[in-house]
Every structure is written in C-alpha cells, then in structure tokens.
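See structure below.
The values are calculated or read from the model by the stated rules, or taken from the named source; none is laboratory data. Bear in mind the structure is a predicted one, so any value in this text is a computation, not a measurement. So basically every Cβ, Gly included, is an ideal-geometry build from the backbone, and we count neighbours across all protein chains shown. Just so you know, the surface numbers come from the protein's heavy atoms only, side chains and all, with ligands and any DNA or RNA stripped out. Shrake-Rupley method; radii C 1.70, N 1.55, O 1.52, S 1.80 Å.
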Amino acid sequence: MNKIKILGVLALLLIGVIAFIWGQKMNQPTISIEMPKQMYQKGEVTRIRIVNNSPEDICFSTCYPYYLQHKEKEWNSYDYPACPEENLNLPCISPGEKKDFEFTLSDKLKSGVHRIAVPVNKRGEKGQEFKEDKKAYSDPFEVK
C-alpha cells in the first residue's frame, strides 16, 4: 500500500515538473531583441540583434525594420516620415537565425527610458509587400 502511495506521489511530481518545463518553453518569446548595453548616450552607435526563436521565417520592412520608442506614461514611437519607397520584405530569417542592425542614436532623442519595436511579417518572402503580423520589443534601456 505504501509503495502505491509513493509511486503516486512520484508520478504527480513528474507530471508537475513536465508541466513546468513545458510552460516555460511556451512562454519564451518567439522573437528576441538583444542589445549590448542598458545605457546609451545620444549620438552613440549601437547594434541590435534580432533572434528568430519562432518555428517559421520572419521578414523585416525595407522602410523601417525597427522603431525607437520612448516611455512617458505609456510607450510612444518617435515620428517617422512616410515610407519614401514601396514597403517590401527585407531578406527573411529562418528559425534559429539572427539579424543585426546598426544605427546611431540621434542627438535629438529625449533623455530617459527607451525600447526598440520590431515589426515582422511571418511566412513572407523577400520582395513581397511587407505586412506586419507581429511586433517584438527589446528590454527597456536608458538614453542620457
């Protein structure tokens, strides 16, 4: 009788551990944005790395592959001019691949908390019209 109770408890523990691991895996972001630092100066050159953890290809816009946002009461994007050309998919990246972008933080930025927003098109192909399916966000960072 005690062996049955022990086996039952062990089975429940095993089910709990499997459920926890599965839940952690399901909560992982499908697209992650990596930045080398958490604090930047205006005018500084920085790089972001976008990692495709999703099970499908993702594409970026030829016009604005990323947007800079600043935190006030809520997240606000800076004003960007209308796209001067046709908005198409850049070369797409497959699951597990990475894409780096390098840019200079404008001297006109507001000081404070910022993040990067990256619109993506899933299952698109290079050269097709870009249609945003999802946005991924970086962790917040400071601009001085």
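Annotations for the structure displayed:
- Between the residues SER77, ALA136, LEU88, the greatest Cα displacement towards the positive end of the dipole of the chain, with unit charges on the Cβ of Lys, Arg, Asp and Glu, is found for ALA136.
- As a fraction of the 1.4 Å probe accessible area of the chain, surface on carbon and sulfur atoms comes out at 54 percent.
- Model label points for LYS37 and LYS73, set 7 angstrom from Cα along the Cα-to-Cβ axis, are 3.3 nm apart.
- Per residue, the accessible area of the stretch 55-144 comes to 60 Å² when a 1.4 Å probe rolls over the protein heavy atoms.
- Degrees between helix 2-26 axis and first principal axis of the chain (Cα, 0 to 90, nearest 10): 10 degrees
- Here the extension length gained between GLU132 and VAL45 equals 28.6 nm, from 0.36 nm per residue of separation less the Cα-Cα distance.
- Between SER94, SER111, SER32, the GNM of the chain built on Cα springs shorter than 10 angstrom shows SER111 fluctuating the most.
- DSSP assigns beta bridges within the chain; of those with both partners inside it, close to 95 percent run antiparallel.
- Local electrostatic count, PHE101, Cβ distance below 13 Å [Lys/Arg +1, Asp/Glu -1]: +1
- Computed magnitude of the charge dipole of the chain (debye, nearest 20; Cβ of K, R +1, Cβ of D, E -1): 780 debye
- Bridging of LYS99 to aspartates and glutamates at a Cα separation below 19 Å is possible for GLU34, GLU56, ASP57, GLU125, GLU132, ASP133, ASP139, once same-chain residues fewer than 8 apart are set aside.
- GNM result for the chain, Cα springs below 10 Å: residue of ASP133, ASP107, ASP57 fluctuating most strongly: ASP107
- Within a Gaussian network of the chain (alpha carbon springs, distance under 10 Å), most fluctuating of LEU14, LEU90, LEU109: LEU14
- Listed by chain and number, the lysines placed with their C-alpha closer than 24 angstrom to that of LYS110 are LYS37, LYS42, LYS71, LYS73, LYS135, LYS144; residues fewer than eight positions away on the same chain are left out.
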